[in-house]
Ligand SMILES: N[C@@H](CCC(=O)N[C@@H](CS)C(=O)NCC(=O)O)C(=O)O
């Protein structure tokens with residue numbers, strides 16, 4: 001059975017829990033306590049040398065990074081629906097996976113971490129990155145229902161958590177109506193699971 005090295009409050013871990021649930025895959029959660037530094041213990045570094053969550057172990061296949069895990073799960077267990085394999089689809093999806101790992105993390109995710117985990121950082125820089133990133137997302141969603149391929153894919157799963165939780169970082173969500181409508185579409189997908197404050201109470 002797949003083991004998911006998991007932290008409940010992490011949006012990156014949520015991407016993986018959401019994909020596992022959508023695909024109907026049974027798995028075992030292995031809790032990793034970030035406040036206790038469990039992600040930096042030798043036992044966990046043997047799973048993920050970067051010392052971050054999430055990671056999975058699927059019968060000895062160890063994958064770290066939430067985007068990489070989505071690719072693996074979708075291709076291994078989801079047929080072609082969630083990660084089509086033609087060149088254009090892969091390129092379009094990869095574009096959003098890159099945004100999920102970079103701008104969504106360095107903007108909305110860090111803004112949230114600064115509030116709820118008191119993480120240090122350059123507030124102004126993070127705010128600007130967050131606003132610019134959510135504006136790009138909102139603008140795309142003004143003319144598209146989904147991020148790629150005209151249907152739900154791993155791109156939506158990867159970008160969703162830190163968009164849906166952006167308000168926890170004091171982002172004014174009313175500035176992004178098309179994004180808010182897409183958040184609701186993701187939350188209506190069969191197999192959807194949330195986490196604390198998601199969907200927004
Ligand atoms: N690109 C990675 C980022 C993983 C990441 O930064 N995880 C955070 C939790 S959301 C973490 O483990 N932080 C603990 C640390 O850096 O020590 C992914 O998408 O999985």
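State whether one or more residues within the range 61-71 are away from the ligand (no atom under 12 Å from the Cβ) and either within 18 Å of the chain's Cα centre (by Cα) or outside any helix (DSSP H, G or I) (or both). There is at least one residue in the range 61-71 that is away from the ligand (no atom under 12 Å from the Cβ) and either within 18 Å of the chain's Cα centre (by Cα) or outside any helix (DSSP H, G or I) (or both). Taking the range 39-56 as the range and being surrounded by fewer than 18 Cβ atoms within 10 Å (Cβ to Cβ) and at negative phi as the test, the residues that pass are 40, 41, 42, 43, 45, 46, 49, 50.
On inspection, residue 20 fails the criterion of being closer than 20 Å to residue 109 by Cα, in a helix (DSSP H, G or I) and more than 8 Å from the ligand (Cβ to nearest atom). Looking across the range 130-188, just one residue is in contact with a strand residue (DSSP E or B) (Cβ under 8 Å, 6 or more places away or on another chain), in a helix (DSSP H, G or I) and in contact (Cβ under 8 Å) with a residue 40 or more places away in the chain, and that is 161. Checking each residue in the range 86-119 for being modelled with pLDDT under 95 and not in a helix (DSSP H, G or I) picks out 117, 118, 119.
Looking at the range 23-37, is at least one residue within 19 Å of the chain's Cα centre (by Cα), within 13 Å of the ligand (Cβ to nearest atom) and surrounded by 14 or more Cβ atoms within 10 Å (Cβ to Cβ)? Among the residues of the range 23-37, at least one is within 19 Å of the chain's Cα centre (by Cα), within 13 Å of the ligand (Cβ to nearest atom) and surrounded by 14 or more Cβ atoms within 10 Å (Cβ to Cβ), which makes the answer yes. Against the condition part of a helix (DSSP H, G or I), over 18 Å from the mean Cα position of the chain (by Cα), more than 9 Å from the ligand (Cβ to nearest atom) and farther than 27 Å from residue 133 by Cβ, how does residue 76 come out, does it pass? Considered against the rule, which asks whether it is part of a helix (DSSP H, G or I), over 18 Å from the mean Cα position of the chain (by Cα), more than 9 Å from the ligand (Cβ to nearest atom) and farther than 27 Å from residue 133 by Cβ, residue 76 comes out as yes. Exactly one condition in (1) assigned to a loop (DSSP other than H, G, I, E, B); (2) over 18 Å from the mean Cα position of the chain (by Cα); (3) within 14 Å of the ligand (Cβ to nearest atom) is false for residue 53; which is it? Against the list (1) assigned to a loop (DSSP other than H, G, I, E, B); (2) over 18 Å from the mean Cα position of the chain (by Cα); (3) within 14 Å of the ligand (Cβ to nearest atom), residue 53 comes up short only on (2). In the range 38-48, of all residues being within 21 Å of the chain's Cα centre (by Cα) and part of a loop (DSSP other than H, G, I, E, B), the one that is farthest from the ligand (Cβ to nearest atom) corresponds to 47. Residues in the range 87-100: is at least one touching a strand residue (DSSP E or B) at 6+ places or on another chain (Cβ under 9 Å) and buried (at least 19 other Cβ atoms within 10 Å of the Cβ)? No, every residue in the range 87-100 fails to be touching a strand residue (DSSP E or B) at 6+ places or on another chain (Cβ under 9 Å) and buried (at least 19 other Cβ atoms within 10 Å of the Cβ).
The values are calculated or read from the model by the stated rules, or taken from the named source; none is laboratory data. Owing to the predicted nature of the structure, the values given are computational and were not obtained by experimental measurement. Positions of Cβ are backbone-derived with ideal geometry, glycine not excepted, and every protein chain shown enters the neighbour counts.
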